[in-house]
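Okay, structure first, notes after.
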Amino acid sequence: MPATLRNLLLSPNIFSITLLLSINSLFFSCYSIDEQGQALLAWKNSLNGSTDALKSWNPLDTSPCNWFGVRCSSNGEVVEITLKELDFQGPLPSNFQSLKSLKTLILSSSNLTGTIPKEFGQYRELSFVDVSGNSLSGEIPEELCRLNKLQTLSLNTNFLEGKIPSGIGNLSSLVYLTLYDNQLSGEIPKSIGSLIKLEIFRAGGNKNLNGELPWEIGNCTNLVMLGLAETSITGSLPSSIGMLKRIQTIVLYTSLLSGPIPEEIGNCSELQNLYLYQNSITGSIPRRIGELSKLQSLLLWQNSLVGSIPDELRSCRELTVMDLSENLLTGKIPKSFGELSKLQELQLSVNQLSGTIPSEISNCMDLTHLEVDNNDISGEIPVLIGNLKSLTLFFAWQNRLTGNIPESLSDCQELQAVDLSYNNLFGSIPRNIFGLRNLTKLLLLSNDLSGFIPPDIGNCTSLYRLRLNHNRLAGTVPSEIGNLKSLNFVDLSNNRLVGAVPPSISGCQNLEFLDLHSNGITGSVPDTLPTSLQFVDISDNRLTGQLPHSIGSLTELTKLNLGKNQLSGSIPAEILSCSKLQLLDLGNNGFSGEIPKQLGQIPSLEISLNLSCNLFSGEIPSQFSGLSKLGILDLSHNKLSGNLNTLKNLENLVSLNVSFNDLSGELPNTPFFRQLPLSDLTANKGLYISGGVVTPADRIRSSHNRSVMKLITSILISISGVLLLLAVYTLVRAQIASNILREDDNWEMTLYQKLEFSVDDIVKNLTSSNVIGTGSSGVVYRVAIPNGETLAVKKMWSSEESGAFNTEIQTLGSIRHKNIIRLLGWGSNRSLKLLFYDYLPNGSLSSLLHGAGKGGADWEARYDVVLGVAHALAYLHHDCVPAILHGDVKAMNVLLGPGYEPYLADFGLARIVNSIGDDDFSKTSQRPQLAGSYGYMAPEHASMQRITEKSDVYSFGVVLLEVLTGRHPLDPTLPGGAHLVQWIREHLARKRDPVDILDQKLRGRADPTMHEMLQTLAVAFLCVSTRADDRPMMKDVVAMLTEIRHVETARGEPELLKGGGLQSILASPPARKAVLQGSSNCSFAFSEDSMQ
């Protein structure tokens, strides 16, 4: 090396410069990434989730252009960031100002949180923003409206709140705007009309988005898709909708629209899908809809449309789905529908249509669903229906159809579900209908069908549910039924069937429900019933022979009713294997021998055991002491001997009848046995009462004897003792004068539970400050007893109220149900009669609806309450033997427990249904005609008509209306002083919106809640039918209410309307899918599921 160079390098100054250059070089190599990359890295460092997808984001790179999710222009400017379906768990970037050429920002479905930064308004080149499917919150910043190059803005499926920015109209380039499924509120800005390039506008699923659809929407003349479903949009569709000449899909269902559909809708010549269902739209269907030649789906169900179906719809030749059900449409089904050759689904259920089913409908060769149920259609089912080769579902139940079921129906080889119930059809069931191998449900109940069940039934191998009950079918149950491996539910009851139950029924391997009661069936109980059976009712027939030992193989059985037959022999010990049995009825037969001990060893036996009217002898098995859950036991009319000690500890027993036997011994001295009616003990000569007090006469006699003994003792005592007694007497009388409630200390008290308190503990608390309610027969107090518990104590209005007092004791003392108030005991003296109940802290249904909270309960809570009450009434009417009428069903008599569980109370007017007559559910009460509470009483109370359990059904219907409307039945604010039922009837008769009658607190709810409420309204109107015979039974009401919640609505917006692109939307319209286990209307449950 030259010396000069060496000297230069070694000089101190040059060394310092070299070191500095080296350090600078190292510094810039560590931070060589450009400003764009630094911004991206800074945002990456703000994320808390997994950033594995961003591992290519290397700070040592000079440019981010090769990073994952980043795309640059040819000059190295970042123009696009696309990161989808990741788990970032952090905020949106607020530091991208250096990305001056950024045009596309897609950060969807990546678990981003926080707000949309105002800084987004500084990314001025943006044309495409998609931050959908995250967890973003806060408001949409007004600054976004500065992005005048923005063409796509997707903010849907987040938690955004507040209003749509009023400056949205400044986004003059906007083509695609999706805001759906957030929590936005307020009105749609009128400035939306400035978006003349807008093609897609979707803001559905924002339940608080309200106000009217602005008239200015008509200025968006390029609009192709308008989606505002599941919002609170009110008012009418603006007539400017007719200016949308390119619109293909209008989605505005499950909102609060009212008023008519504008005639201008006929100008929307490109319209393919019109979804306006579940609103409050009134008026008639515009005839100009017929001008929509490209219309494919017309869904207008569950509105308040009136008038006839316009014949002009015949011109909509592209229609595939038409659902006009649940409206107030009248007139006939247009014959011109036969010209709609592409129609696949026609749903007209629950209207007021009349006339006939037009035979021209058979020209719709692609039809798969035909639903015309719940109308007033008459005439015959058209023979040409057999032309509908694609038909899978045919519902025409609850009409006035007559004539025969056409043979041609069997030509519809794709049929899966047929319901023609509740009509006037006659003749025989076409045998070929059982050749339909896809048929799963055949429901023909409550017609006038006759003839035989053809052996061809064995060919219907997919059949799952068969209901032919309440007809006039004769002949035998065909043995071919055993071929139906899928059969689950069979109801052939109330016909004229004869012959034996075919042994081949054992082949129905999935059969759970078998009801053959009230026929003329003979022979013996088959040895081999399907082991899957849970419910068997062959009562009221002519069965003979012995109960087979194989009965023990029915291990799933919960209810077995073989009563009212001619069975004999002994009950086989194998019955013990039926370990799930809850109800066993073998009454009114010829069984003999001893009662098998095994019956007492069935742990689940809790509803009822009926062995009455047989020839049983011997003693009651000691094992019966183990039936701790049993509620009803009937051993009457046998030859039983021995005593009743075995039964004395059955704590849940509410009804016992041992009359007409040879029982003997002392009656157990328990509260339950002391209160047994003598009629349930009569004709047992050896039974006696030792020291117990059972009848009122016994009690009076015993009390009198005690008084006499005291008098004799006092006479034998010295004069001073007599004077002392007189002094005490004087003091007591003085105390009585000051407190009339204690005027007679000769109390008689019976407790059904272990409670420790004295009468004084109760009486001293019967003050006005403790009053919590009143009933038809008394006032109710809240009383705290010494052990800290709280009771509800009813004091009868007067000592003369012995009828209501005894009725409550006899009724509540003999029944148990989770939704019926529990009677803890009672006490009485000459002047007072008291009943002790569990205290329920939340008052009554009436106070919930009309009290301080005034309707604070949401729909779900109200629904649970009325369903519980329905269960309670169904128990009284159908499970109690004999049936019990409540007599005073009203909101005040529905008490609410700690969790708002409902309890039916106040049984002072309850009565036993008369046992005379053949129809178990239309029997006359022997009590006075006028009883109950004004506003809730059925019409028959005011006439000479008989009072039946259907009177309770009417009262329950009024309670349903009260729950739905929030109004008392005698609300003085109702127009013209009308009764609630009358007001609602008139409202609907004038074709007004049914939603208007709902409680304000319940309105505006989304699908399916509004649907549930309107279905419940339909149930209520069945219950308040003027004619008692037109009202359903309570078990059917329970089935209907249950079905409202259980049937999948399948009418809600499908995902394709919420997240899919336009093409997928147009390709797959969201038609209401028919649910094969039942129609989506609650009334289908009435047809199909009246037994549960």
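At a glance:
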{"read-out": "Residue list for the stretch 276-299, filter: in contact with a helix residue (DSSP H, G or I) (Cβ under 9 Å, 6 or more places away or on another chain), surrounded by fewer than 24 Cβ atoms within 10 Å (Cβ to Cβ) and outside any loop (DSSP other than H, G, I, E, B)", "value": "S280, R287, R288, I289, G290, E291"}
{"read-out": "Out of N746, N765, sole residue that is modelled with pLDDT of 80 or more and assigned to a loop (DSSP other than H, G, I, E, B)", "value": "N765"}
{"read-out": "Residue in the stretch 120-127 that is farther than 25 Å from N222 by Cα and either surrounded by 17 or more Cβ atoms within 10 Å (Cβ to Cβ) or under 38 Å from the mean Cα position of the chain (by Cα) (or both) present", "value": "yes"}
{"read-out": "Condition met for E326 (in contact (Cβ under 8 Å) with a residue 40 or more places away in the chain, of a type in the set (D, E, K, R), crowded, with 24+ Cβ neighbours inside 10 Å and part of a loop (DSSP other than H, G, I, E, B))", "value": "yes"}
{"read-out": "Residue within the stretch 238-258 that is touching a Ser or Thr at 6+ places or on another chain (Cβ under 8 Å), assigned to a helix (DSSP H, G or I) and farther than 22 Å from L126 by Cα present", "value": "yes"}
{"read-out": "Members of the stretch 386-398 found to be over 26 Å from the mean Cα position of the chain (by Cα) and either among the polar types (S, T, N, Q) or surrounded by fewer than 22 Cβ atoms within 10 Å (Cβ to Cβ) (or both), listed by number", "value": "G386, N387, K389, S390, T392"}
{"read-out": "Matching residues in the stretch 399-439 - criterion: being crowded, with 20+ Cβ neighbours inside 10 Å, more than 28 Å from T330 (Cβ to Cβ) and in contact with a Lys or Arg (Cβ under 9 Å, 6 or more places away or on another chain)", "value": "C412"}
{"read-out": "Odd one out for P596 among (1) buried (at least 16 other Cβ atoms within 10 Å of the Cβ); (2) under 37 Å from the mean Cα position of the chain (by Cα); (3) within 20 Å of L557 (Cα to Cα)", "value": "(2)"}
{"read-out": "Matching helices (runs of 4 or more DSSP H) fully within the stretch 966-1050 where at least 3 residues are without any contact (Cβ under 8 Å) to a residue 60 or more places away in the chain and under 20 Å from Y875 (Cα atoms)", "value": "1034-1046"}
{"read-out": "Residue check for I481: over 33 Å from the mean Cα position of the chain (by Cα) and closer than 27 Å to D879 by Cα", "value": "no"}
{"read-out": "Single unsatisfied condition, V350 versus (1) out of contact with any strand residue (DSSP E or B) (no Cβ under 7 Å at 6 or more places or on another chain); (2) among the β-branched types (V, I, T); (3) farther than 28 Å from L1014 by Cα", "value": "(3)"}
{"read-out": "Hits in the stretch 446-472 (condition: surrounded by 17 or more Cβ atoms within 10 Å (Cβ to Cβ), charged (D, E, K, R) and not in a helix (DSSP H, G or I))", "value": "R465, R467"}
{"read-out": "Hey, S135 among the small types (G, A, S) and either farther than 26 Å from E199 by Cβ or at pLDDT below 95 (or both) or not", "value": "yes"}
{"read-out": "Looking only at the stretch 626-654, and only at residues there that are among the polar types (S, T, N, Q) and surrounded by fewer than 19 Cβ atoms within 10 Å (Cβ to Cβ), the one that is nearest to S579 (Cα to Cα)", "value": "S628"}
{"read-out": "Condition check for L554: within 25 Å of G499 (Cβ to Cβ) and either touching a strand residue (DSSP E or B) at 6+ places or on another chain (Cβ under 8 Å) or not basic (K, R) (or both)", "value": "yes"}
{"read-out": "Qualifying residue in the stretch 66-80 (condition: touching a residue at least 40 places away in the same chain (Cβ under 8 Å), in a loop (DSSP other than H, G, I, E, B) and either surrounded by 21 or more Cβ atoms within 10 Å (Cβ to Cβ) or out of contact with any helix residue (DSSP H, G or I) (no Cβ under 9 Å at 6 or more places or on another chain) (or both))", "value": "no"}
{"read-out": "Segments classed as strands (runs of 3 or more DSSP E), wholly inside the stretch 557-615, with at least 2 members that are modelled with pLDDT under 95 and touching a Cys at 6+ places or on another chain (Cβ under 7 Å)", "value": "none"}
{"read-out": "Odd one out for E360, checked against (1) in a loop (DSSP other than H, G, I, E, B); (2) surrounded by fewer than 18 Cβ atoms within 10 Å (Cβ to Cβ); (3) among the charged types (D, E, K, R)", "value": "(1)"}
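Every residue, every condition in (1) within 30 Å of P454 (Cβ to Cβ); (2) under 28 Å from the mean Cα position of the chain (by Cα), yes or no:
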position	(1), (2)
S308	no, no
D323	no, yes
S362	yes, no
V372	yes, yes
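The values are calculated or read from the model by the stated rules, or taken from the named source; none is laboratory data. Since this is a predicted model, take the numbers as computed values, not measurements. Note: ideal-geometry Cβ built from the backbone for every residue, glycine included; neighbour counts use all protein chains shown.
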